[in-house]
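Comments concern the structure below.
The values are calculated or read from the model by the stated rules, or taken from the named source; none is laboratory data. On a predicted model such as this, the values are computed, not experimentally measured, just so you know. Every residue, glycine as well, gets a Cβ built from its backbone with ideal geometry; the counts of neighbours run over all protein chains shown.
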Amino acid sequence: MAKADRLLTIITLLKGRRTVITARQLAEVVETSERTIYRDIQVLLDTGFPIEGEAGVGYRLQPGFEIPPIMFTAEQLLAVQLGLKMVKGWTDRDLALAAEDARLKIEAILPERLKQTDPEKNVIVPAYYINSPASDISLVIRKAIKSNMGLTLEYTRADGEFSNRVVQPLGLVFWGQKWTLIAFCLLRDEYREFRLDRIQHINVNNQPAVIRTDISLDDYIQKIKEKHARKACDKTIESPKAM
């Protein structure tokens, strides 16, 4: 990492921290030695950055200090532009509009040399999803999650059968081609996944979602991790011992 990029990274890591970050932790992030971090901290102090702390203890920026706008490298800008194009092409209309507003704000402050960096010339994100029924459904789901409202779904299962479900929506997961609703199903009394392209109709209920402290997206993710860990363990037990 170039010295200028390293200094910007260190300042970014120090900003807004309530506790100090050690030289070793900084060195691990920027992939350099602690000795180099000590020299970089001194450079920043000499430049006028109000860094608190000391060697062997840790560092942070004084509370209330605002960092001047940090300019993107060409590769960072490419990543941001591509991400915004993916949001525009693969989410709902509200997020697509927000992504376009963000793009215009970023473009307004870029120097001319970076404005020429456009991923559209060689990286294309098809935007057909934004015009699909699933896009409208994802907007309804996002708003229901934000307001903590339950949902009633008319859903086509994988076997082609129709099913009506009342659910507590928890989150949306994008698998690369399809969006999936993660929810707690009141009928099954357990977590369920529903592909958005299989939802035929969706209604927001007139009452808040069922409040249970043991139900959350984090709990669902933890259960999935435990499930995969058990499967991996079972495969290890079943496999023959090496000779």
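Cβ separations smaller than 6 Å between residues 6+ apart or across chains give no pair from region 222-236 residues that are under 14 Å from Tyr191 (Cα atoms) and in a helix (DSSP H, G or I) to residues that are at pLDDT 85 or above and of a type outside the set (D, E, K, R).
None of Arg157, Arg142, Arg198 is of a type in the set (D, E, K, R), outside the structural domain of Thr91 (by TED's automatic domain parsing) and more than 29 Å from Leu82 (Cβ to Cβ) except Arg157. Condition test on Ile199, is it over 25 Å from Asp94 (Cα atoms) and surrounded by 15 or more Cβ atoms within 10 Å (Cβ to Cβ)? No; evaluated as a whole, the condition is false for this residue. Residue-level analysis places Leu84 among those that are modelled with pLDDT of 80 or more, in a helix (DSSP H, G or I) and over 19 Å from Lys3 (Cβ atoms).
Scanning region 152-196 for residues that are hydrophobic (A, V, I, L, M, F, W, C), exposed (fewer than 14 other Cβ atoms within 10 Å of the Cβ) and assigned to a loop (DSSP other than H, G, I, E, B) yields a count of 3.
At negative phi, at pLDDT below 85 and in contact with a Phe, Trp or Tyr (Cβ under 9 Å, 6 or more places away or on another chain), is that true of Ala55? Criteria met by Ala55.
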